[in-house]
Amino acid sequence: MKIIRLLAILGLFTTTASWAADSKVVAELYVMSQCPYGVQAENGLFPALKALGNVELKLDFIGDEIPGADGKPSEFKSMHGPKEAQEDIRQLCARKLYPAKWLDYVLAYNVDYKADWKPAAIKTGLDPKALEACVESPAGRAMFSESIKA
């Protein structure tokens, strides 16, 4: 099985191989959850990936990690502020806890990405308390740390 890698950064897509029906496609997307261009890229890409079916999506986030001093946890920075970094972590938690529903959550969240995230979680069947617990956990923070390193 031939693997075709499709790289998408803020809506820019490139591929260097021809597309074949039996090829496995890996789509990589690097976004910020409250960036208008990232939201546009997700809104266009996710339905297409679902329709294609044989696509592995690798979604990672853009941000910075500032190591904490004196045993304090790291601080995360994102271009659109601290709420964006929290949402980035939340979307990683949604992917981990609800692998079959997380893309639906992101698309529902994207409808009004500067508003409260809980209605989108409830609408798509995700437990807000479980998501919030994950966001605040060391595991959630570690996922975000690894994601921004990518």
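The values are calculated or read from the model by the stated rules, or taken from the named source; none is laboratory data. Keep in mind that what you see is a predicted model, and the values were worked out from it rather than measured. Here the Cβ is made from the backbone with ideal geometry for all residues, glycine too, and neighbour counts use every protein chain on show. Note: areas computed on protein heavy atoms with side chains; ligands, DNA, RNA excluded. Shrake-Rupley method; radii C 1.70, N 1.55, O 1.52, S 1.80 Å.
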Extension reserve of the residue 97-residue 137 stretch, reckoned as 0.36 nm per residue once the Cα distance is removed: 13.1 nm
Filter on 101/123; 50/101; 77/129 - keep pairs with C-alpha separation over 18 Å: 77/129
Label point distance in nm, residue 58-residue 74, each placed 7 Å from Cα along Cα→Cβ: 1.8 nm
Using θ = phi - 60° and Karplus 6.51 cos²θ - 1.76 cosθ + 1.60, couplings along region 39-56 (whole Hz; Gly, Pro as x): 4, 4, 4, 4, 4, x, 7, 4, x, 5, 5, 4, 5, 5, x, 8, 10, 9
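For region 28-119, what class follows from the C-alpha gyration tensor (a ≥ b ≥ c being the square roots of its eigenvalues): rounded when a/c is under 1.5, otherwise prolate if a/b is larger than b/c, else oblate?
On the way: a/c = 1.98, a/b = 1.74, b/c = 1.14.
Because a/c hits 1.5 or more and a/b exceeds b/c, region 28-119 counts as prolate.
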Accessible area of region 75-148 belonging to carbon and sulfur atoms, whole % at 1.4 Å probe: 59 percent
Gained length - residue 130 relative to residue 28, 0.36 nm times residue gap less alpha-carbon distance: 34.1 nm
Per-residue HN-Hα couplings for region 103-118 [Karplus 6.51, -1.76, 1.60; θ = phi - 60°; Hz; x = Gly/Pro]: 5, 5, 4, 4, 5, 5, 4, 5, 4, 9, 5, 9, 8, 4, 7, 4
Packing-based ranking, highest mean first, of 134-144, 65-75 given that Cβ atoms within 10 Å are counted: 134-144, 65-75
